[in-house]
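First comes the structure, then the notes that go with it.
The values are calculated or read from the model by the stated rules, or taken from the named source; none is laboratory data. Keep in mind it's a predicted model, so treat the numbers as computed, not measured. With ideal geometry, Cβ positions are generated from the backbone for all residues, glycine too; neighbour counts draw on all protein chains shown.
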Amino acid sequence: MSDILLNIALADDDEDDRILFGEALEGLDIRTKLSLFNHGQELMDYLNLPNVILPSLVFLDLNMPIKNGQQCLLEIRSNPKLKDLCVAIYSTSSSEKDIEDTFSNGANIYVNKPNSFSKLREVVEKVLQLNWQYHNSNLNKETFLFRI
Amino acid sequence: MSMTLFIKYNLDLVCKTLLKEKLDTFDVSFTIGNTGEIHIDKTLSEEKLNIISSTLKQYGIDIVTNPKATIVARIKYSIDEYLRNKDLRSVKFSAYLADKLHYSYPHLSTVFSENTYSSIENYIILKKVDVAKELMCNTDLTLTEIAFQLDYSSVAHLSGQFKKTTGLTPSAFQRIMKNKKQQLI
């Protein structure tokens, strides 16, 4: 198995959610390095730093102060340097409209925040596996859309 | 006045044509095989290999060097072919693969699982749904025709596996892809 660390970013204004997410990543087979951001603007400032090592996967909460997830998604997809990032929406909203809108705006994965820690681990592992497959296989990135 | 053109393409043909065009510029004689391998009729210097490798890398083509990774790449390539060619599917995939790569299926299955965070069976489903997505976007085939082409017993079976794998119904997926295209205009 590959020993390379997978860089992951999470933007979420809820501190508990950030902590739980970090704990869910520990102990998975895929080795990861997590960068945390308190809101969308913090994430975008980081992604726009010169010489930054881009994460291979970004998790975005939808409802955040200062800059929300949808705004981040649109900025990422319209920026030539960032447009190939794999973006997973990580939200409590399960409205069909939110889901279809974020996919239409370029999200790759839509995750509903699970209610239990064991479910969270399961879901995070599934997202990492899919992301890994899409980076390492001949799968069509234009149709990389999954709701988990 | 600007215009937008929509295209469809055969990925396998694109890759092979590109490979051929690029390799032709290096003055080596070669044949491109069917499981993602290229046979070259002499041993190349490391320097030349590095040049070829970095040229191909620009097009997203990597030369695989680790032996386990080579097997995984050949298994994935065989899965692609098997799913795209209905005639090959007169034999079971396990038999097809073992015969093609000259290893036992259990061995190949273990190597695959140990190196991909997935199993051959799961990867086939993921790839099958990927092909179904491609056919929905790039052809005029109906779901019934796509189900037939990919050996699903019915549209319901295709829709069921599509939904289970992607979390979306085929119609929601098609709606989203249509919206994405419209946003580009």
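Values as computed for the structure displayed
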quantity	calculated
Residue selected from region A:76-100 under the condition among the small types (Gly, Ala, Ser) and surrounded by fewer than 20 Cβ atoms within 10 Å (Cβ to Cβ), by the criterion farthest from the chain's Cα centre (by Cα)	A:95
Residue check, residue B:68 in a helix (DSSP H, G or I), under 20 Å from the mean Cα position of the chain (by Cα), farther than 26 Å from residue B:137 by Cα and touching a residue at least 40 places away in the same chain (Cβ under 8 Å)	yes
Selection status of residue A:30, aliphatic (A, V, I, L, M), over 14 Å from residue A:111 (Cα atoms), surrounded by 15 or more Cβ atoms within 10 Å (Cβ to Cβ) and modelled with pLDDT under 90	yes
Sole exception among (1) loosely packed, with under 14 Cβ neighbours inside 10 Å; (2) within 14 Å of chain B (Cβ to nearest Cβ) for residue A:45, by number	(2)
Count of region B:146-168 residues which are within 10 Å of another protein chain (Cβ to nearest Cβ) and either in a loop (DSSP other than H, G, I, E, B) or in contact with a Phe, Trp or Tyr (Cβ under 6 Å, 6 or more places away or on another chain) (or both)	3
Odd one out for residue A:138, checked against (1) within 23 Å of residue A:4 (Cβ to Cβ); (2) more than 10 Å from chain B (Cβ to nearest Cβ)	(2)
Tally, over region A:108-122, of residues that are touching a residue at least 40 places away in the same chain (Cβ under 8 Å) and within 11 Å of chain B (Cβ to nearest Cβ)	1
Pair list, Cβ under 7 Å, 6 or more apart: region B:22-48 residue exposed (fewer than 13 other Cβ atoms within 10 Å of the Cβ), other residue β-branched (Val, Ile, Thr)	B:39/B:31
